[in-house]
1. Where does each of 75-85, 95-105 land if you order them by average Cβ count within 10 Å, highest first?
2. How large a share of the accessible area of the stretch 31-145, in percent, is made up of carbon and sulfur atoms when the probe is 1.4 Å and the other protein chains stay in place?
3. Starting at 0 and stepping by 5 Å, how many percent of the alpha carbon pairs of the stretch 29-101 end up in each bin?
4. Given N residues in the stretch 61-137, what is its alpha carbon radius of gyration divided by 2.2 N^0.38 Å?
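The values are calculated or read from the model by the stated rules, or taken from the named source; none is laboratory data. It should be emphasised that the depicted structure is a prediction, and the values quoted were computed from it without experimental measurement. Neighbour counts run over all protein chains shown; Cβ positions are idealised from the backbone, glycine included. Just so you know, the surface numbers come from the protein's heavy atoms only, side chains and all, with ligands and any DNA or RNA stripped out. Shrake-Rupley method; radii C 1.70, N 1.55, O 1.52, S 1.80 Å.
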Amino acid sequence: MAGRTQHPVLASARGGSRPRRRDPAQDTTFADWVGAYVGLSRLRSSRADFTKFWLYDVSIAALRRNWIRWAVRHIQTAQKISGGNPADEQHSFYLVDADVILLADSRYVRALNIVREDAPFTMAESRLVSGDRGVSILNRLAAVL
């Protein structure tokens with residue numbers, strides 16, 4: 001984007017140095033990934049820059065996947081928690097790439113419908129596929145398409 005001044009937090013990422021001491025008990029995977037794009041030391045040093053970055057410089061269009069994951073996690077906390085919730089959250093990441101998603105998990109479909117109502121962008125429509133194993137899978141899929 002010619003003519004646009006890059007936010008100092010982003011600009012410092014290229015020339016910034018990584019912290020030398022790390023807590024060995026802390027998972028740094030996310031920091032390692034995002035540190036290639038964002039000046040983490042700058043974020044830590046200036047609360048004003050950090051606040052400005054998130055409130056004014058980041059667009060929702062750039063964070064659709066993160067927004068959906070957050071929203072699914074938030075909505076599912078009001079429902080029965082199961083071992084599938086983390087996977088549901090991960091699968092929701094792809095809902096900006098599809099028009100329709102077919103699922104056999106009614107709680108997940110309910111959660112996605114709530115998220116879709118409030119999403120500030122377009123995401124896949126969730127449809128519930130019958131779990132009746134007495135009916136062929138092709139007929140169950142055809143019934144919801």
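1. Values: 75-85: 12.9, 95-105: 14.8.
Result, highest mean Cβ count within 10 Å first: 95-105, 75-85.
2. Details: 4150 of 7540 Å².
Carbon and sulfur together cover 55 percent of it.
3. Binned Cα distances yield the sequence 3, 13, 16, 19, 18, 15, 11, 4, 1.
4. Working: Rg = 12.6 Å, N = 77, 2.2 N^0.38 = 11.5 Å.
Ratio of Rg to 2.2 N^0.38 Å for the stretch 61-137: 1.10.
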